[in-house]
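Trainee: Sharing a structure, written as structure tokens. Questions coming.
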Amino acid sequence: MAKTIDVSDLDIYYGSFKAVEDVTLTMASRSVTALIGPSGCGKSSFLRSLNRMHEVIPGARVEGKVIMDGRGLYDVDVDPVLVRRDIGMVFQRPNPFPTMSIADNVLAGKRLNGKRMNRAEAAEIVERALVSANLWNEVKDRLRKPGASLSGGQQQRLCIARALAVEPQVLLMDEPCSALDPISTTAIEDLIHTLKERYTIVIVTHNMQQAARVSDTTAFFNLAGAGRPGHLIESGSTPKIFSTPDNPATEAYISGRFG
Amino acid sequence: MATQTEPPPATDVWPTASRGSSRVRHSHHAPTVILGASAVLAAGVLGLSGWVDPVGAVALGWLTFAILSTALTATLRGRRAAKNNVATILVTSAFALAILPLASLMWVVIEHGAPAFNAHFFTYSMRSVVGAGGGIYHAIIGTLYVTAAAAVISVPIGLLSAVYLVEYGRGPMAKALTFLVDVMTGIPSIVAGLFAYALFVLFWGEGTRSGIAGAVALSLLMIPIVVRASEEMLKLVPHELREGAYALGVRKWRTVVQVVLRTAAPGIITGIMLAVARVVGETAPLLVTAGYTDSTNSDIFSRQMMTLPVFAYQSFKSPGVPPEPGYERAWGTALVLLIIVMVLNLIARLCTYFFAPKPNR
Ligand SMILES: Nc1ncnc2c1ncn2[C@@H]1O[C@H](COP(=O)(O)OP(=O)(O)OP(=O)(O)O)[C@@H](O)[C@H]1O
Ligand SMILES: [Mg+2]
């Protein structure tokens, strides 16, 4: 089931530009790790390097170690595609496939990989993923409708269901609520609470309250200035980071006195 | 529909630039009334002067309408409304002028071509026909085969090139391909025809004529259109969808085929239809590659093959004795071509309508 991810000495590059430097961080299994920090400090880049989505961008590469379950994700014999099946991802903006129905969106991870399923199997996967994503009751009567016909918050939960249907070990979320209203946000935060019993969750957020509410561990990233690489300033249990951080920069950022 | 004469709403925060307190409201029928008045006026003037010319009448009526309605708007609703009126009339006139040649072209082709239409015309070839009678069956068959073969050649090549350019191409190779496609778009069709002819001379010797040579010539013209259209459509697919698929652990080629191509499919099909419509009426390249014949040939790999545009050209160039049936057949063929092009455009529209993702249904 859920796995721990150990990152050590990780540098992240876009071509010759070093975006993130020297990050060492452990993301424990069955817990929520929140990544916070000012815009441009490399939270998304870091998150995307955890499931090898970073290298999809031309010229992008990383140096350092990311270890899950005793195996280096960047070892030469590791297939990035298989890594992504183990480590799912939810994006800032909901991106359901517009040509597919709600049910087909949930099944996308299986179908697009050429897996054959009979009706019963497919129906079961759809129901299980949608129940887990807390969306089943809202859409169970219109599974054949296009995924894009849902509201923004529902679409985001559909994307979570889509990620869960692949049965990953880890779920990465990049500002999953930033495009959503408070009610949908609450729905997704509740969902994160239940999901962490089964998954390792890493979430990027700009919302301090959200980080405080949902996460067990918080990691604060910062950058010294424009054009300089981002660094991990400190990480620790969320209550500690929010009450007595070691680094004054962390305190300044969390209390809103920043820059 | 011409002038914007909507009455301002009661709680108008930005009152129209009406002078003083007299805010006179036009009714919705005002432009129609003015148009009617102008028409009557123009007719009256022409009637009195005894100068009868429909084009002049329309022009005069339109001019009267423009001046009258602008003057009226200016006095009743102020300068801004008058400017709006002038702009609206200019835009509408430009549209009418653009439509005019198209409408009259269709009218002429239908007028001359429709009399040729009968069952005989569509089911007989010109084999041993002298004078009246005969039909275009052989040319229809030829056009079907040649165009279909051209599509079979150019769609895979064009589509795959577009996929390469958008999804895989980086660096000098992609730049070179883009440049070549641009150049190919501008190749004169007769050059494509001569090239295809020269190519097939290599295999089958001097004087060779075949449907397949015609198809190759047409595909030279079609490929750049297909590449361009598909490229545009593939670029429109949002990057987030590709990333969404990658994040599910889907391999790149599967993502391209099942997400990117699937999402772009309606646009690509439309582009292909329009490319077919574009080449179906090509004459010069087919004249030198497929040649012409009076009989039906359904083997694209040997002997001459008649096609609709070449048939129209031939019937017009050497209509026979007496010439009238030949001319009539030429016009009939022109009408058939026009209908084919319209049907292809219609299919393209329907494709967009039925296959495009519909968010709110
Ligand atoms: N595709 C890219 N190509 C080049 N540089 C990039 C790319 N994406 C991000 N960067 C750079 O990498 C650095 C980190 O960006 P990143 O998106 O990881 O920041 P972030 O912390 O997620 O910011 P935000 O909170 O605004 O989302 C920035 O300096 C950014 O300009
Ligand atoms: Mg980000």
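The values are calculated or read from the model by the stated rules, or taken from the named source; none is laboratory data. Since this is a predicted model, take the numbers as computed values, not measurements. Virtual Cβ from ideal backbone geometry, glycine too; neighbours counted across all protein chains shown. Calculation scope for accessible area: heavy atoms of the full protein, side chains included, ligands and nucleic acids excluded. Shrake-Rupley method; radii C 1.70, N 1.55, O 1.52, S 1.80 Å.
Trainee: Among the residues of the stretch B:226-249, what is the count of those that are basic (K, R) and within 9 Å of another protein chain (Cβ to nearest Cβ)?
Mentor: 1
The rows are residues; the columns are (1) touching an Asp or Glu at 6+ places or on another chain (Cβ under 8 Å); (2) more than 7 Å from ligand 1 (Cβ to nearest atom).
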site: A:D9; (1), (2): yes, yes
site: A:Y14; (1), (2): no, no
site: A:A28; (1), (2): yes, yes
site: A:G37; (1), (2): no, no
site: A:S44; (1), (2): yes, no
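Trainee: With B:A213, B:A265, B:A198 as the choices, which residue is crowded, with 21+ Cβ neighbours inside 10 Å and of a type in the set (G, A, S)?
Mentor: Just a single option satisfies the conditions, and that option is B:A213.
Trainee: Can you list the helices (runs of 4 or more DSSP H) lying wholly within the stretch A:152-259 that have 2 or more residues being of a type in the set (A, V, I, L, M)?
Mentor: A:152-165, A:182-195, A:208-214, A:248-254
Trainee: For the stretch A:238-258, name all the residues that are surrounded by 13 or more Cβ atoms within 10 Å (Cβ to Cβ) and either within 16 Å of ligand 1 (Cβ to nearest atom) or within 19 Å of A:M27 (Cα to Cα) (or both).
Mentor: A:T238, A:K240, A:I241, A:F242, A:P245, A:A249, A:T250, A:Y253, A:I254
Trainee: Pairs only if they're at least six apart or on different chains, beta carbon under 9 angstrom, first in the stretch A:230-243 and without any contact (Cβ under 8 Å) to a residue 12 or more places away in the chain, second surrounded by fewer than 20 Cβ atoms within 10 Å (Cβ to Cβ) and not charged (D, E, K, R); list them, first residue then second.
Mentor: Taking only residues 6 or more apart or on different chains, the pairs are A:P239/A:A212.
Trainee: Is one or more of the residues making up the stretch A:32-49 farther than 24 Å from A:R213 by Cα and touching a strand residue (DSSP E or B) at 6+ places or on another chain (Cβ under 8 Å)?
Mentor: yes
Trainee: Could you figure out which of (1) within 16 Å of ligand 1 (Cβ to nearest atom); (2) touching a Lys or Arg at 6+ places or on another chain (Cβ under 8 Å); (3) within 14 Å of chain B (Cβ to nearest Cβ) isn't true of A:V204?
Mentor: (3)
Trainee: Of all residues being free of Cβ contacts under 8 Å to residues at least 40 places away in the same chain and facing chain B (nearest Cβ under 9 Å) in the stretch A:100-142, which is farthest from ligand 2 (Cβ to nearest atom)? Just the residue, please.
Mentor: The residue in question is A:G114.
Trainee: Next question. How many residues does the stretch A:74-90 hold that are touching a residue at least 40 places away in the same chain (Cβ under 8 Å) and open to solvent by less than 30 Å² (accessible area, probe 1.4 Å)?
Mentor: Count: 4.
Trainee: Return the total of residues in the stretch B:173-207 being in contact with a Gly (Cβ under 9 Å, 6 or more places away or on another chain) and over 24 Å from B:I272 (Cα atoms).
Mentor: Residues in the stretch B:173-207 being in contact with a Gly (Cβ under 9 Å, 6 or more places away or on another chain) and over 24 Å from B:I272 (Cα atoms): 1 in total.
Trainee: Determine which member of the set B:T208, B:T185 is closer than 13 Å to B:L286 by Cα, surrounded by fewer than 22 Cβ atoms within 10 Å (Cβ to Cβ) and touching a helix residue (DSSP H, G or I) at 6+ places or on another chain (Cβ under 8 Å).
Mentor: B:T208
Trainee: Which residues, counting only those in the stretch A:20-41, are open to solvent by 10 Å² or more (accessible area, probe 1.4 Å) and either within 14 Å of chain B (Cβ to nearest Cβ) or within 16 Å of ligand 2 (Cβ to nearest atom) (or both)?
Mentor: Within the stretch A:20-41, A:P38, A:S39, A:G40 qualify.
Trainee: Kindly evaluate B:A356 against the criterion of being open to solvent by 20 Å² or more (accessible area, probe 1.4 Å), within 14 Å of another protein chain (Cβ to nearest Cβ) and among the small types (G, A, S).
Mentor: Yes.
Trainee: Taking the options B:G326, B:G332, B:G320, name whichever one is among the small types (G, A, S), open to solvent by less than 30 Å² (accessible area, probe 1.4 Å) and over 26 Å from the mean Cα position of the chain (by Cα).
Mentor: B:G326
Trainee: Can I ask one more? Could you count how many residues in the stretch A:55-79 are touching a strand residue (DSSP E or B) at 6+ places or on another chain (Cβ under 8 Å) and near ligand 1 (Cβ under 9 Å from one of its atoms)?
Mentor: 3
Trainee: Output the qualifying pairs, or none if there are none: Cβ atoms under 7 angstrom, residues six or more apart or on different chains, first residue in the stretch A:174-199 and within 14 Å of chain B (Cβ to nearest Cβ), second residue within 16 Å of ligand 1 (Cβ to nearest atom) and part of a helix (DSSP H, G or I).
Mentor: If the second residue must be within 16 Å of ligand 1 (Cβ to nearest atom) and part of a helix (DSSP H, G or I), the pairs left are A:D174/A:S44; A:D174/A:L47.
Trainee: For the stretch A:1-16, indicate whether the set of residues that are away from chain B (no Cβ under 14 Å) and within 16 Å of ligand 2 (Cβ to nearest atom) is non-empty.
Mentor: Scanning the stretch A:1-16, I find at least one residue that is away from chain B (no Cβ under 14 Å) and within 16 Å of ligand 2 (Cβ to nearest atom), so the answer is yes.
Trainee: Looking only at residues in the stretch A:42-59 that are on the phi > 0 side of the Ramachandran plot and more than 13 Å from ligand 2 (Cβ to nearest atom), which one is surrounded by the fewest Cβ atoms within 10 Å (Cβ to Cβ)?
Mentor: Checked the stretch A:42-59; the qualifying residue surrounded by the fewest Cβ atoms within 10 Å (Cβ to Cβ) is A:G59.
Trainee: Could you go through the stretch B:250-258 and let me know if any residue there is outside any helix (DSSP H, G or I), within 14 Å of chain A (Cβ to nearest Cβ) and buried (at least 20 other Cβ atoms within 10 Å of the Cβ).
Mentor: For the stretch B:250-258, residues outside any helix (DSSP H, G or I), within 14 Å of chain A (Cβ to nearest Cβ) and buried (at least 20 other Cβ atoms within 10 Å of the Cβ): present.
Trainee: Examine the stretch A:69-79 for a residue that is modelled with pLDDT of 90 or more, within 11 Å of chain B (Cβ to nearest Cβ), assigned to a helix (DSSP H, G or I) and more than 16 Å from ligand 2 (Cβ to nearest atom), and state whether such a residue exists.
Mentor: Within the stretch A:69-79 (the criterion being modelled with pLDDT of 90 or more, within 11 Å of chain B (Cβ to nearest Cβ), assigned to a helix (DSSP H, G or I) and more than 16 Å from ligand 2 (Cβ to nearest atom)), the answer is no, since none of the residues qualifies.
Trainee: Test A:T186 against the criterion of being open to solvent by 20 Å² or more (accessible area, probe 1.4 Å) and farther than 23 Å from A:N51 by Cβ, and give yes or no.
Mentor: In short, yes.
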